[in-house]
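Please read the structure below before turning to the comments.
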Amino acid sequence: MSEKKRAVLSQEEYSRQSKYIEKCGDLVRVRYGDHWPPLALVHSYGCQQNVNDGEKIMGMLSQMGFGFTDDLNVADLILYNTCAVRENAEKKVFGFVGELSHYKARNGNLLIGLCGCMAQQEHISEKIKKSYPQVDFVFGTHALYRFPEIFYGALTQHKRIFDIENSDGVIAEGIPVRRLGKIQASLPIMYGCNNFCTYCVVPLVRGRERSRSSKDVLREAREIVASGYREIMLLGQNVNSYGKDLEDDLSFPELLRAINAIPGDFRIRFMTSHPKDCTKELIDTVAECEKICNHIHLPVQSGSDRILTEMNRHYTSEEYVSLIDYARDKIPDVMFSSDIIVGFPGEKYEDFCETVKLIKRVRYASLFTFIYSKRVGTKAAVMEDPVPASEKSKWFLELLEVQRKITNELYQNCIGRTYRVLVERTGDQDNHLLAGRTENNIIIDFEGDPSLVGQFVMVEIVSASNRSVRGRLVKK
Ligand code: SAH
Ligand code: SF4
């Protein structure tokens, strides 16, 4: 397969980083030999893509000899893998990093690092440099594959390291992954984003769109299935444009069909699907492939065409709704979820009412709702934003109430129906209370033996509200 303008990490660079993993391993053995293995706390914030990056960092640390902990008191290395999508996420991280100075004071050997989307931004890196001396090393999303070299620097040089260089466009294959779950595995099929929605910082911190080759994706999908995972979540900021930067490779629907053809009892999910590129072919593929779940996350952001234009989303509410109608027609029992931004700059109450209207029309099973947050470097950051925060909060609560009723009604309608459920976990308090997910993404709590975790079972829904859905196990 010939591929156009793909910058895949060279074999030399890959070997260089592998050597750094070995060298770090040697240094770590000396540094922490008295309490082997040393423990790393790696905390990833934000989206599943970031969590997957965190799993790769853990994979590399694991090869250096690290074990893992959630306890700040016993950690030898603390690494916060950050999110920059909203200001709140950033504020939280600054709060946590601030507290780490106490841990550093108690344990002089402790290393502290910051990485991810927030770290990729220059103004943040500068702030860390000036005001957070407890942080030993900072690296951005583009430097992920260079983590072994950066960490080697942190172990050997007695100065702080800041690596936020933008190496836009490099795809690094072969980084070891230490997956956090045993049942669901995430599989990035592409990185970056070209869409430049005017509110969004993602294209600024994760660079331009680049797809992994289908050969690499399929190899990883086969490995995931062979390791016993029951669900694969395909990840990308806009999975519908998968392959557009590749020559003679598969499109997203073709990739889905190829993964669907891998033998085994497993499910396929994907996110995120941008409505402007969501085609009938994709919906037909979901309908025709038995392993692809009948749940579509299709973020609409707003129901007002004026605001959608201001957001640079490239679809109208009518086009969006007709996609939903097409999917409802083709995919039995399909459920939808979405992301909504309330209070985009210049949004008026009439615009907000259009969003409410659309939500009532589509009837999503669940919504991820956000109040607009101003992001440095985005187009919306310089737009006039006259509506006070208190007013936006009122709209936000109104939206939640509308959605609460819809979720409640949708779930009530499922009472008495039996679903095939993938058992994901036991209850926090009660080991015999299990939680599983239907194909169309309803989470059901039901009683059963903990040994069922990781298996597919049949569950009848017996009661439901917007908060929780209860069920009972039935024989297959
Ligand atoms: N690529 C995905 C999601 C990226 S970020 C997509 O296009 O849908 C996840 C969600 O965060 C977005 O869908 C949006 O609803 C929200 N978001 C992004 N930037 C935001 C901002 N500045 N303020 C509030 N919400 C934001
Ligand atoms: Fe952000 Fe839009 Fe890209 Fe999603 S599609 S990551 S919202 S710019």
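The values are calculated or read from the model by the stated rules, or taken from the named source; none is laboratory data. As the structure is a computational prediction, the values presented were derived from the model and not from experiment. Cβ sites come from the backbone with ideal geometry, for glycine too, and all protein chains shown count toward neighbours. All accessible areas refer to the heavy atoms of the entire protein, side chains included, with ligands and DNA or RNA removed. Shrake-Rupley method; radii C 1.70, N 1.55, O 1.52, S 1.80 Å.
From (1) away from ligand 2 (no atom under 16 Å from the Cβ); (2) at pLDDT below 95, pick out the condition that doesn't hold for Asp245.
For Asp245, the exception is condition (1).
Just name the residue that is farthest from Asn195 (Cα to Cα) out of those in the stretch 375-390 that are assigned to a helix (DSSP H, G or I) and out of contact with any Phe, Trp or Tyr (no Cβ under 8 Å at 6 or more places or on another chain).
By that ranking, first place goes to Ser390.
Which ones in the stretch 371-395 are within 15 Å of ligand 2 (Cβ to nearest atom), under 11 Å from Gly343 (Cα atoms) and either open to solvent by less than 60 Å² (accessible area, probe 1.4 Å) or touching an Asp or Glu at 6+ places or on another chain (Cβ under 6 Å) (or both)? Can you show your working first?
Just the residues of the stretch 371-395 that are within 15 Å of ligand 2 (Cβ to nearest atom), to begin with: 372-381.
Applying the additional criterion that residues be under 11 Å from Gly343 (Cα atoms) yields 372-374.
Across the stretch 371-395, the qualifying residues are Tyr372, Ser373.
Mind telling me which of the residues Asn194, Asn166 ends up being within 16 Å of ligand 1 (Cβ to nearest atom) and open to solvent by 50 Å² or more (accessible area, probe 1.4 Å)?
Just a single option satisfies the conditions, and that option is Asn194.
Could you tell me whether the stretch 66-79 includes any residue that is in contact with a strand residue (DSSP E or B) (Cβ under 7 Å, 6 or more places away or on another chain), open to solvent by less than 60 Å² (accessible area, probe 1.4 Å) and among the acidic types (Asp, Glu)?
yes
Conditions (1) within 23 Å of Leu410 (Cα to Cα); (2) over 26 Å from the mean Cα position of the chain (by Cα), marked per residue:
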residue: Val321; (1), (2): yes, no
residue: Ile324; (1), (2): yes, no
residue: Ala327; (1), (2): yes, no
residue: Lys330; (1), (2): yes, yes
residue: Met335; (1), (2): yes, no
residue: Ile340; (1), (2): yes, no
residue: Gly343; (1), (2): no, no
residue: Tyr349; (1), (2): no, yes
residue: Cys353; (1), (2): yes, yes
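Any residue at all in the stretch 219-239 that is surrounded by 23 or more Cβ atoms within 10 Å (Cβ to Cβ), more than 16 Å from ligand 2 (Cβ to nearest atom) and small (Gly, Ala, Ser)?
yes
Cβ contacts < 6 Å: first residue open to solvent by 10 Å² or more (accessible area, probe 1.4 Å), restricted to the stretch 118-131; second residue in a helix (DSSP H, G or I), any location; separation 6+ or different chain. Result?
The qualifying pairs are Gln120/Thr141; Gln120/Val205.
Confirm whether Ser186 is hydroxyl-bearing (Ser, Thr, Tyr) and in contact with a His (Cβ under 8 Å, 6 or more places away or on another chain).
The answer is no for Ser186.
Tally time: how many residues in the stretch 171-191 are touching a Phe, Trp or Tyr at 6+ places or on another chain (Cβ under 9 Å), touching a residue at least 60 places away in the same chain (Cβ under 8 Å) and open to solvent by less than 50 Å² (accessible area, probe 1.4 Å)?
So the answer is 8.
Go through (1) open to solvent by less than 50 Å² (accessible area, probe 1.4 Å); (2) touching a residue at least 60 places away in the same chain (Cβ under 8 Å); (3) within 17 Å of Pro148 (Cα to Cα); (4) of a type in the set (A, V, I, L, M, F, W, C) and name the single condition Val51 misses.
With (1) open to solvent by less than 50 Å² (accessible area, probe 1.4 Å); (2) touching a residue at least 60 places away in the same chain (Cβ under 8 Å); (3) within 17 Å of Pro148 (Cα to Cα); (4) of a type in the set (A, V, I, L, M, F, W, C) applied to Val51, the lone miss is (3).
Just one of (1) open to solvent by less than 10 Å² (accessible area, probe 1.4 Å); (2) out of contact with any helix residue (DSSP H, G or I) (no Cβ under 9 Å at 6 or more places or on another chain) trips up Phe139, so point out which.
Result: Phe139 passes all but (2).
Restricting attention to the stretch 424-454, which residues are without any contact (Cβ under 8 Å) to a residue 60 or more places away in the chain and part of a loop (DSSP other than H, G, I, E, B)?
Gly427, Asp428, Gln429, Asp430, Asn431, His432, Gly448, Asp449
Which of (1) open to solvent by less than 20 Å² (accessible area, probe 1.4 Å); (2) free of Cβ contacts under 8 Å to residues at least 40 places away in the same chain is the odd one out, the single condition Phe94 does not satisfy?
Result: Phe94 fails condition (1) only.
Find the residue count for the stretch 401-425, including only residues that are within 15 Å of Ile340 (Cβ to Cβ), open to solvent by 70 Å² or more (accessible area, probe 1.4 Å) and not acidic (Asp, Glu).
First, the residues of the stretch 401-425 that are within 15 Å of Ile340 (Cβ to Cβ): 401-404, 406-407.
Add one more test, that the residue is open to solvent by 70 Å² or more (accessible area, probe 1.4 Å), and what stays is 401, 404.
Narrowing the set further to residues that are not acidic (Asp, Glu) leaves 404.
Adding up the residues that qualify gives 1.
Would you be able to say whether some residue in the stretch 35-44 is among the aromatic types (Phe, Trp, Tyr) and either open to solvent by 10 Å² or more (accessible area, probe 1.4 Å) or modelled with pLDDT of 95 or more (or both)?
yes
When residues of the stretch 201-212 are filtered for being under 22 Å from Phe266 (Cβ atoms) and either open to solvent by 20 Å² or more (accessible area, probe 1.4 Å) or modelled with pLDDT under 95 (or both), how many remain?
0
Check the stretch 18-32 and report whether any residue there is modelled with pLDDT of 95 or more, buried (at least 18 other Cβ atoms within 10 Å of the Cβ) and among the polar types (S, T, N, Q).
Checked against the condition, which is being modelled with pLDDT of 95 or more, buried (at least 18 other Cβ atoms within 10 Å of the Cβ) and among the polar types (S, T, N, Q), the stretch 18-32 yields no hits at all.
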